């Protein structure tokens with residue numbers, strides 16, 4: 001996650017000092033949006049306890065909206081002076097704050113397990129959960145999911161997104177609204193999670209671009225009312241799709257969700273009805289910790 005604020009800070013400084021339109025556009029690409037859009041919800045999802053995962057990831061979207069509002073207010077205050085360089089350059093401030101904050105953050109325990117750094121993952125989980133027994137149980141569940149992925153005869157790759165078991169997940173992930181930031185990192189198997197979320201976010205921004213391009217033409221041709229009715233109508237297939245095909249993730253661990261999806265099951269029950277998975281290894285570690 002460390003490259004995110006550095007790229008943003010470099011791009012923002014370059015854009016604010018640009019001598020012409022070409023360099024301004026080039027530095028806008030350096031600033032980007034996609035890196036943070038992928039990394040932040042993915043990181044929050046992998047660190048958060050299952051009972052708070054949805055709320056914490058949704059908080060990211062709220063803070064993004066607050067940040068956009070602050071940017072609008074700042075630009076309004078500077079508009080009278082025509083200080084567009086200051087409008088862009090002040091973006092260095094939140095980028096610098098983000099860079100300082102990242103220094104204090106631990107690595108994702110699931111990322112650590114995937115690279116064989118199990119004891120580091122245990123330390124991170126114990127620090128986050130405040131309970132060695134609970135951390136050991138969660139670690140055992142992560143290790144079991146990692147072993148299951150490695151033992152599969154069919155390797156997990158991005159091409160697997162087109163398979164029947166993951167196709168519904170991918171379809172929702174590239175098209176849904178703000179809830180996508182909560183559900184995207186929850187739905188994909190650990191080994192391809194980062195790449196799959198990145199691909200979905202790419203498609204999402206591309207569709208956003210398409211909407212932005214056709215919006216003025218539709219407004220001119222149909223007027224505001226008919227145009228928004230069209231957009232509203234597109235949500236009905238989405239609603240039916242979610243009701244029938246999207247698995248329930250509330251109150252479930254990432255490993256539970258992954259196991260169901262890889263086995264072709266989609267649990268649509270409420271989170272309170274889904275019992276958490278506990279492993280013999282986790283119970284053994286908890287017992288050892290108590291003794």
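Values in this text are rule-based calculations from the coordinates and carry no lab data. These numbers come from a predicted model, not from an experiment. Cβ coordinates were reconstructed from backbone atoms using ideal geometry, including for glycine residues, and neighbour counts include every protein chain displayed.
Quick notes on this structure:
- Cα gyration tensor shape for segment 107-151, rounded if a/c is under 1.5, else prolate or oblate: oblate
- Across segment 107-151, the mean sequence separation of Cα contacts (distance under 8 Å, 6 or more residues apart), normalised by length, yields a relative contact order of 33 percent.
- Working from label points 7 Å from Cα in the Cα-to-Cβ sense, the residue 83 to residue 99 distance is 2.2 nm.
- Nitroxide proxy distance, nm - points 7 Å out along Cα→Cβ at residue 21 and residue 211: 2.7
- Note on residue 236 and residue 62: the extension gain reaches 60.2 nm, defined as 0.36 nm multiplied by sequence separation minus the Cα-Cα distance.
- When Rg and the Kirkwood Rh are both derived from Cα coordinates, the Rg/Rh ratio for segment 7-89 amounts to 1.10.
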